[in-house]
1. Read through the list (1) open to solvent by 20 Å² or more (accessible area, probe 1.4 Å); (2) touching a Gly at 6+ places or on another chain (Cβ under 8 Å), then give the number of the only condition that K111 fails.
2. Name the single residue that is surrounded by the most Cβ atoms within 10 Å (Cβ to Cβ) among those in the range 177-207 being closer than 13 Å to A136 by Cα and among the charged types (D, E, K, R).
3. Tally the residues that are hydrophobic (A, V, I, L, M, F, W, C) and open to solvent by less than 40 Å² (accessible area, probe 1.4 Å), restricting the search to the range 2-51.
4. Could you please give the count of residues in the range 333-344 that are modelled with pLDDT of 90 or more and out of contact with any helix residue (DSSP H, G or I) (no Cβ under 7 Å at 6 or more places or on another chain)?
5. Tell me, which residue of the range 153-176 that is under 26 Å from A52 (Cα atoms), small (G, A, S) and part of a helix (DSSP H, G or I) is most open to solvent (accessible area, probe 1.4 Å)?
6. Whether any residue in the range 321-336 is of a type in the set (G, A, S) and open to solvent by less than 20 Å² (accessible area, probe 1.4 Å) is what I want to check.
7. Consider only pairs whose beta carbons are under 7 Å apart and that are at least six residues apart or on different chains; among these, list those whose first residue lies in the range 16-35 and is among the basic types (K, R) and whose second residue is part of a loop (DSSP other than H, G, I, E, B).
8. With the checklist (1) modelled with pLDDT of 95 or more; (2) within 25 Å of A13 (Cα to Cα); (3) among the hydrophobic types (A, V, I, L, M, F, W, C); (4) open to solvent by 30 Å² or more (accessible area, probe 1.4 Å) in hand, flag the one item L217 doesn't pass.
Amino acid sequence: MERLRHNIAAVRALAGQRPLICMAVKADAYGHGAVKIAEEGLRCGASFLGVAAVSEGAALRAAGISAPILFFSTAGETELDELVSCNLSPFVSDEEYAAALNSRAEKAGVKLSVHLKIDTGMGRLGCRPEDAPGLARRIASLKSLHYEGTATHFAASDSAGEAAVKSVKKQLALFNEALVDIKKAGFDTGLVHAANSGAVLLYKDAHFDMVRPGILLYGYSPSGELAGLCGGTSGVKPVMEFVSGLSFIKTVKKGTPISYNGTWTAPEDRVIGTIPAGYGDGLPRILTNNYQVLIRGKLFPLVGNICMDQCMVDLGDGSGVERWDAVTIFGGAGLSAADAAAKAGSIPYEITCNVNKRVPRVYV
């Protein structure tokens, strides 16, 4: 938890004192465990939480968390009552959805806070910028809805390249124009927010009233290109350590095939260790014969196909390694989810999110 606290402080230093922080805890807090992470985040300065499924918000409420929770997605018809009963604050992109939310809130006898979402270039959720004043008018007319905020989302803020900067600047211009138009139509835009992790790093003019960092809070850059902005003593630090142990060690002869289909054979007599972690735990199978793990401060290569529940490691001549020694898969010194992602052709988000729930989360 010390690293999480450090990262929240780092984001606060980047964003300044004015903007609130909405901490993204969707996908089980990017695999870190949403309830514990949310509780610590709120203690350390986050004001809002962000989820992408109604069930995620419901789990936080069931754990006794009362802080405002933004619902980033669009609920299905059968989820609307639960969304209202859990007092989630949804993004609203169209009048039909606004009316449906109002109807369920009215039925429940509550006033539901909503945030108007504008699509300025992401092409996902959100109304067109020119339709924003009309949607604001509709939300304001519905007695069981409270127009709490206005948001957009950047499509390319994780890059400092010319095309990406141009894209973000265009989105910002469209968003600012829409905000002006909403105000001209006589409506308060409420809490304005747009900045994801990349924009927290690169675009201070996008911080507005609140920032919505995700991967940055968990210790990783939103892209390899921006990694230099996240390092150093004041930078963010990986929160998760994915650790297993050596459950079995044996010596094999030269030419011995290892694991399914014998994709690796011992080039000479070798000591092979078995690790009780596999793709069913979140160690991507694509890392087969292309990754190293950390044991006693030294890197050793994984060999043979990664299985669902286990994988094998080449310990060379043994090098003093013993059964039950800890094995760091990622998150330790010199070995991160970004390293695993680079080898897997993926991103750190996917690596941490895919750590299976059967893997115990231990908070230090």
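1. With respect to (1) open to solvent by 20 Å² or more (accessible area, probe 1.4 Å); (2) touching a Gly at 6+ places or on another chain (Cβ under 8 Å), K111 is out only on (2).
2. First, the residues of the range 177-207 that are closer than 13 Å to A136 by Cα: 178-190.
Imposing the further condition that a residue be among the charged types (D, E, K, R) reduces the set to 181, 183-184, 188.
Numbers: D181: 18, K183: 13, K184: 9, D188: 13.
Per the criteria, the residue is D181.
3. Residues of the range 2-51 that are hydrophobic (A, V, I, L, M, F, W, C), as a first pass: 4, 8-11, 13-15, 20-25, 27, 29, 34-35, 37-38, 42, 44, 46, 48-49, 51.
Filter once more, so that each one left must be open to solvent by less than 40 Å² (accessible area, probe 1.4 Å): 4, 8, 10-11, 15, 21-25, 29, 34, 37-38, 46, 48-49, 51.
So the answer is 18.
4. The initial filter retains those residues of the range 333-344 that are modelled with pLDDT of 90 or more, namely 336-344.
So of that shortlist, the ones also out of contact with any helix residue (DSSP H, G or I) (no Cβ under 7 Å at 6 or more places or on another chain) come out as 336, 339, 342.
Qualifying residue count, the range 333-344: 3.
5. S167
6. First, pick out the residues of the range 321-336 that are of a type in the set (G, A, S): 326, 331-334, 336.
With open to solvent by less than 20 Å² (accessible area, probe 1.4 Å) added as a condition, the list becomes 331-332.
Looking through the range 321-336, at least one residue is of a type in the set (G, A, S) and open to solvent by less than 20 Å² (accessible area, probe 1.4 Å).
7. K26/A52; K26/F72
8. Tallying (1) modelled with pLDDT of 95 or more; (2) within 25 Å of A13 (Cα to Cα); (3) among the hydrophobic types (A, V, I, L, M, F, W, C); (4) open to solvent by 30 Å² or more (accessible area, probe 1.4 Å), L217 fails exactly one: (4).
The values are calculated or read from the model by the stated rules, or taken from the named source; none is laboratory data. Everything quoted here is computed from the prediction, not taken from an experiment. Counting neighbours? That spans all protein chains shown, and the Cβs are built from the backbone with ideal geometry, glycine included. Areas reflect the complete protein model, heavy atoms only, side chains present, ligands, DNA and RNA absent. Shrake-Rupley method; radii C 1.70, N 1.55, O 1.52, S 1.80 Å.
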